[in-house]
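Student: Questions regarding the structure given below will be posed in turn.
We did not get these values from a lab; they are worked out from the coordinates using the rules stated. As the structure is a prediction and not an experimental result, all values here were calculated from the model. Note that each Cβ is placed from the backbone with ideal geometry, even for glycine, and that neighbours are counted across all protein chains shown.
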Amino acid sequence: MGITVKEALQIGRLKEGKVVAGEKGLNRIVTYVDILEVPDMIGWLRGEELLLTTGYAIKDNPDMQEKLISELAKINAAGIVIKVNRFLDKIPEIMIKKANELSFPIIQIPPDIPYIDITHPLLKEILLKQNEEKFMNETLKEILCNNMNDKTFVKRKLKSLSSNFDINAPIIMLVASYDNMESLKKVVKIEELQNKKVIVFGEIENHFVIICNVDHSLLENAEWKRDIEELLFYSDSSIKEERDNNIMCVVSRIITDFSMIQKEYLRLSNAINVIEIMKEIRKLLIKNKLWYFYDEIVHYIFLYTISNSDSITDFIDYILTPFKKIPEKERELLMHTLYEYIRNGGNISKTSRNCFLHRNTLIYRMNKLREILNTSFNFTDSPEEMFKYYLALTLHQFKKSINEDELT
């Protein structure tokens, strides 16, 4: 991880730059700084570059100007810094329009600024940040992965990572899987938590980990989960576009015993690993939201651990035998419908909404299921019946997902 474009604008002579497009992309990460005067160079870029140019190669070609912005955004470059009044009198409108469309920052600088007055301070700051992150990651790994359940050791190490961290206050832990930091920062309030200086964070085995102080009062608050969500995450309505970016966060219970911190981390990281493997379950979870408390998904994790045993296979076959006489395509459709119906407590309106079905279509399917399975699906009179089918269908999804994963 490097610095954000927003942070870069406060360093060296880039302070004299002006953002003319793509302001929504100022949280893009800058890990490299390079000069771009030949468009063919794009094929060699790694992503997360802040690129400096005079625009010489594209000065007379509007198509190339637009294509340049599109291609840089596609490879996840951080932004482009253009020196005006050399070959371009001003930033072309076609570039501004495309950059705003893609939230890709364009920064305009005066012609008298030498590139080195921008590149040198930025690279120095990036290197410093990377060294800090390396220390943070190594120390966090030492805390969470070394099998030392010594609370004094854990507290001392946490304090070494953040002087303002209160080792006498309760903590909460978050483990996240993600494709890129920019997307994760749109979901998790990383920068806000950093500013409060009550957070320790880092990356362990491709997962992002946050340990955060929380108030003692939450221990006696029945609404503690809602308060933790407000502390850690942006509102769900503002992050809908991030559902396609492979982000999933799992949050611990409130931790008061620091000797349990390693055990909590193992639970959360194992949960993330299971969700990543189980494609069907991941699709189901992400459809609803991008974060879960561990106690909301612990049953999925448990069922996954037992889903491959012979007795479980026999249980699934026995309970779902009536479905075998139905053609496969219709069978999967009806099983999914039943699963959603039970998961939504038999609520027709909620189930039809979640399945994107017309109410009458759902009622038709449920009547067909009653006929096939010879049961009324009455939650009041036969909760055990509902549990039996829910368990069998959940395990069926697990096994199906495991088999698909083995084939890919």
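Student: Counting only residues 5 or more places away or on other chains, whose amide H sits under 5 Å from the amide H of His207 once H atoms are built in the peptide plane?
Tutor: Here the answer is none, since no amide H 5 or more places off falls under 5 Å of that of His207.
Student: Stretched out fully, how many nm does the piece from Ile116 to Asn360 gain, at 0.36 nm a residue minus the Cα gap? Don't skip to the end; give the middle numbers.
Tutor: Values: separation 244, 0.36 × 244 = 87.84 nm, distance 6.80 nm.
Going from the current span to full extension adds 81.0 nm.
Student: Next up: Would you mind getting me the FRET efficiency between Phe379 and Gln194? Use the beta-carbon distance for r and R0 = 45 Å, nearest 0.05. The partial results should precede the final answer.
Tutor: On the way: r = 46 Å, r/R0 = 1.03.
The formula returns an efficiency of 0.45 here.
Student: Please work out the FRET efficiency for the pair Glu220 and Ile306, using the Cβ-Cβ distance as r and a Förster radius of 35 Å; give the result to the nearest 0.05.
Tutor: Working: r = 36 Å, r/R0 = 1.01.
After rounding to 0.05, the efficiency reads 0.50.
Student: Net charge near Phe153: determine it from the other residues with C-beta under 13 Å of the C-beta of Phe153, scoring Lys and Arg +1 and Asp and Glu -1.
Tutor: On the way: positive: Lys151, Lys155, Arg156, Lys157, Lys159; negative: Glu142, Asp150.
Neighbourhood net charge equals +3.
Student: Further, regarding this structure: List the pairs from Lys124/Lys151; Lys157/Lys263; Lys18/Lys186; Lys18/Lys67; Lys74/Lys329 whose alpha-carbon separation is above 26 Å, in the order I gave them.
Tutor: On the way: Lys124/Lys151 36 Å; Lys157/Lys263 17 Å; Lys18/Lys186 23 Å; Lys18/Lys67 22 Å; Lys74/Lys329 37 Å.
Distance filter (> 26 Å) returns Lys124/Lys151; Lys74/Lys329.
Student: Once the Cα gyration tensor of segment 146-298 is found, what semi-axes does its equivalent ellipsoid get, as square roots of 5 times the eigenvalues, in whole Å, sorted largest first? Don't skip to the answer; put the middle values down first.
Tutor: On the way: eigenvalues 120, 58, 46 Å².
In descending order, the three semi-axes are 25, 17, 15 Å.
Student: Within 10 Å, count the other beta carbons around each residue, average over each peptide in 107-116, 208-217, 252-261, and list them highest first. Display every interim value, and only then the final one.
Tutor: Values: 107-116: 14.8, 208-217: 19.3, 252-261: 16.8.
The most tightly packed comes first, giving 208-217, 252-261, 107-116.
Student: Thinking of the chain as a set of Cα atoms, what percent of all their pairs are more than 27 Å apart?
Tutor: That fraction is 62 percent.
Student: Continuing with this model, one more query. Which ³J(HN,Hα) values in Hz, rounded to whole numbers, follow from the phi angles of segment 357-374 under the Karplus curve 6.51 cos²θ - 1.76 cosθ + 1.60, where θ = phi - 60° and Gly and Pro get x?
Tutor: 10, 5, 3, 5, 5, 5, 4, 4, 5, 5, 5, 5, 5, 4, 5, 5, 9, 6
Student: With labels modelled as points extended 7 Å from the Cα through the Cβ direction, what inter-label distance (nm, one decimal) is found for Phe315 paired with Gln130?
Tutor: 5.0 nm
Student: How much length is gained on full extension from Glu371 to Val298, taking 0.36 nm per residue of separation minus their Cα-Cα distance? Walk me through the intermediate numbers first.
Tutor: Details: separation 73, 0.36 × 73 = 26.28 nm, distance 3.33 nm.
This chain segment gains 23.0 nm when fully extended.
Student: Residue-wise, which Karplus ³J(HN,Hα) couplings in Hz belong to segment 102-110, taking 6.51 cos²θ - 1.76 cosθ + 1.60, θ = phi - 60°, and x for glycine or proline?
Tutor: Result, rounded to whole Hz: 9, 6, 10, x, 10, 10, 9, 10, x.
Student: List Lys97, Lys185, Lys324 from most exposed to least, where exposure is judged by having the fewest other Cβ atoms within 10 Å. Intermediate values should be presented prior to the final figure.
Tutor: On the way: Lys97 13, Lys185 18, Lys324 9.
Lowest count first: Lys324, Lys97, Lys185.
Student: In sequence order, what are the phi-derived ³J(HN,Hα) couplings for segment 182-188 according to the Karplus relation 6.51 cos²θ - 1.76 cosθ + 1.60 with θ = phi - 60°, rounded to whole Hz, with x for glycine and proline?
Tutor: Ordered by residue, 3J(HN,Hα) equals 4, 5, 4, 5, 7, 9, 9 Hz.
Student: Still on this structure, I have one more. Please arrange Glu384, Glu182, Glu276, Glu101 by counting, for each residue, the other beta carbons lying within 10 Å of its beta carbon, fewest first.
Tutor: Ranking Glu384, Glu182, Glu276, Glu101 by Cβ neighbours within 10 Å, fewest first, gives Glu384, Glu101, Glu276, Glu182.
Student: Next question. I'd like the FRET efficiency for Val38 and Glu138, computed as 1/(1 + (r/R0)^6) with the beta carbon distance as r and R0 of 51 Å, rounded to 0.05. Can you show the working numbers first?
Tutor: Numbers: r = 39 Å, r/R0 = 0.76.
Once rounded, the FRET efficiency stands at 0.85.
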